[in-house]
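Asks: Here's a structure for you.
Throughout, read-outs are computed from the coordinates displayed, never taken from laboratory work. As the structure is a prediction and not an experimental result, all values here were calculated from the model. With ideal geometry, Cβ positions are generated from the backbone for all residues, glycine too; neighbour counts draw on all protein chains shown.
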Amino acid sequence: MAQRHDMHTIIPERTTAPVARMKFVDPDTTADGQARAHVTFNRLETLWVNTGTQCNITCTNCYIESSPSNDRLSYLTADELAPFLDEVDALNARPIEIGFTGGEPFLNPEAPDLIEMALTRGHRALVLTNAMKPMRRPRVERALLDLRGQYGARLSLRVSLDSHDRALHDQERGEGAFDAALEGLVWLAREGFDISVAGRRGFAESEDAARAGFAALFARNAIAIDAHDPARLVLFPEMQPARDAPEITHACWGILDKSPNDMMCASSRMIVKRKGAARPSVISCTLLPYTPEFEMGATLAESLTPVRLNHPFCAQFCVLGGASCST
């Protein structure tokens, strides 16, 4: 065997070594000549919908480089989502999870309509949000309250709160971000929404210390989240493109005692709308929206082919990090 969410194609630094010795170049073979690991699609559990890459804030370590000016992925519309939901109905005999991510999803003016479309078809909806001003607009709050009243816990919101420490969170997201996110999280808790929190593992404390810190924060603010439940407080590994990452070979599954069936790309895909594109497309997962080789097709049916783990994030987040964006 030779994280948040730079997502451009990895371009190796100039070197005098042969190209074959560079990492993450050949989709089938690692730098040392071994068979690269791949993941075969075997079930559809989560369909991710990228609502657009624009965000109300600019974070220092955002894997997708969201910001107020990043529109590389355009706002997806309800008319564009509908055919994919039709495909889900045709492919699956049971409801699945429809996940909404960005950017900040609630900047998309059609976000409540997109969420409702998923819920009316019987699916669960998971919305990843920073719980700040876009979510707190009166129109959005009213729509969310209506959806919660109709669909209850089938609507779930996961709030990004990098750390239980205000200074550490604001170091990543900007001054005042912690208080604004916490205010939104408290509102969701008070109004009875099904909620969870996404934090990060990259701070200088153990996981036990992080969970204890979040537990104290939740208790102080009457937020009914069990910080020791990994499904309710998700602590994501860091994704660092500049850091050396091991390549995952076919033999690694046995060495690491891991199964390819547990990787995100075995059970999920993501819809994106690239700026200037005539129609949306399907990519392998939430982590690699800008890397061309992870574009899987124009429809869900076209996308259900094996994914070669030819990117550092495959190792850092999924295989070695043991993480998944889904619930």
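Asks: Hey, got the dipole for segment 30-111? About the Cα centre, +1 on K and R Cβ, -1 on D and E Cβ, debye to the nearest 20?
Replies: Computed about the Cα centre, the dipole is about 300 debye.
Asks: Right, next: So, with +1 on the Cβ of K and R and -1 on the Cβ of D and E, and no other charges, what is the size of the charge dipole of segment 19-319 about its Cα centre, to the nearest 20 debye? Let's see the in-between values first.
Replies: Numbers: 32 positive and 40 negative charges, 57 e Å.
Using only the charged Cβ atoms, the result is roughly 280 debye.
Asks: Give me the extension gain from Q150 to K275: residue separation times 0.36 nm, minus the current Cα-Cα distance, reported in nm with one decimal. Spell out each step's value before the answer.
Replies: Details: separation 125, 0.36 × 125 = 45.00 nm, distance 3.40 nm.
My answer for the length gained is 41.6 nm.
Asks: I've got another one for you. Over what distance in Å are the Cα centres of segment 187-248 and segment 144-164 separated?
Replies: 16
Asks: With N residues in segment 186-259, what two-decimal value do you get for its Cα radius of gyration over 2.2 N^0.38 Å? Each step should come with its number before you reach the end.
Replies: Numbers: Rg = 16.7 Å, N = 74, 2.2 N^0.38 = 11.3 Å.
That works out to 1.48 for segment 186-259.
Asks: Whole-Hz Karplus ³J(HN,Hα) for segment 218-235, in order, using 6.51 cos²θ - 1.76 cosθ + 1.60 and θ = phi - 60°, x for Gly and Pro?
Replies: 3J(HN,Hα) across segment 218-235, in whole Hz: 5, 5, 4, 10, 6, 9, 7, 10, 7, 5, 9, 8, x, 7, 9, 10, 8, 10.
Asks: Something else: Would you kindly calculate the mean projected area, averaged across all directions, of the convex hull enclosing the Cα atoms of the chain, in square nanometres?
Replies: If you wrap the Cα atoms of the chain in a convex hull and average its projections, you get 16.6 nm².
Asks: Something else about it: Among all cysteines in the chain, which have no other cysteine Cβ under 4.7 Å from their own Cβ?
Replies: Cysteines lacking a close Cβ partner in the chain: C55, C252, C265, C285, C314, C318, C325.
Asks: Let me ask something else about it. Just name one of T327, N310, L119: the one whose Cα is farthest towards the positive end of the charge dipole of the chain (beta-carbon charges, Lys/Arg +1, Asp/Glu -1).
Replies: L119
Asks: With a 10 Å Cβ neighbour count serving as the proxy for reagent exposure, in which order, fewest first, do F41, F218 appear?
Replies: Details: F41 18, F218 21.
Least to most surrounded, the residues fall as F41, F218.
Asks: Can you give the FRET efficiency to the nearest 0.05 for D165 and D113, using r as the Cβ-Cβ distance and R₀ = 22 Å?
Replies: That pair, D165 with D113, gives E of 0.05.
Asks: Treating only the Cβ atoms of Lys and Arg (+1) and Asp and Glu (-1) as charged, compute the dipole magnitude of segment 100-207 about its Cα centre; round to the nearest 20 debye.
Replies: Roughly 400 debye for segment 100-207.
Asks: I've got another one for you. Counting DSSP beta bridges with both partners in the chain, what percentage is antiparallel, nearest 5? The partial results should precede the final answer.
Replies: Values: 10 of 38 bridges.
Here the antiparallel bridges make up roughly 25 percent for the chain.
Asks: When ranked by the protection proxy of mean other Cβ atoms within 10 Å per residue, highest first, what sequence do the peptides 303-309, 116-122 form?
Replies: The most tightly packed comes first, giving 303-309, 116-122.
Asks: Still on this model: Nearest 500 deg cm²/dmol is fine: what mean residue ellipticity at 222 nm does the chain get from its DSSP H runs of n ≥ 4 alone, each adding -39,500 (n - 2.57), divided by its residue count?
Replies: -7500 deg cm²/dmol
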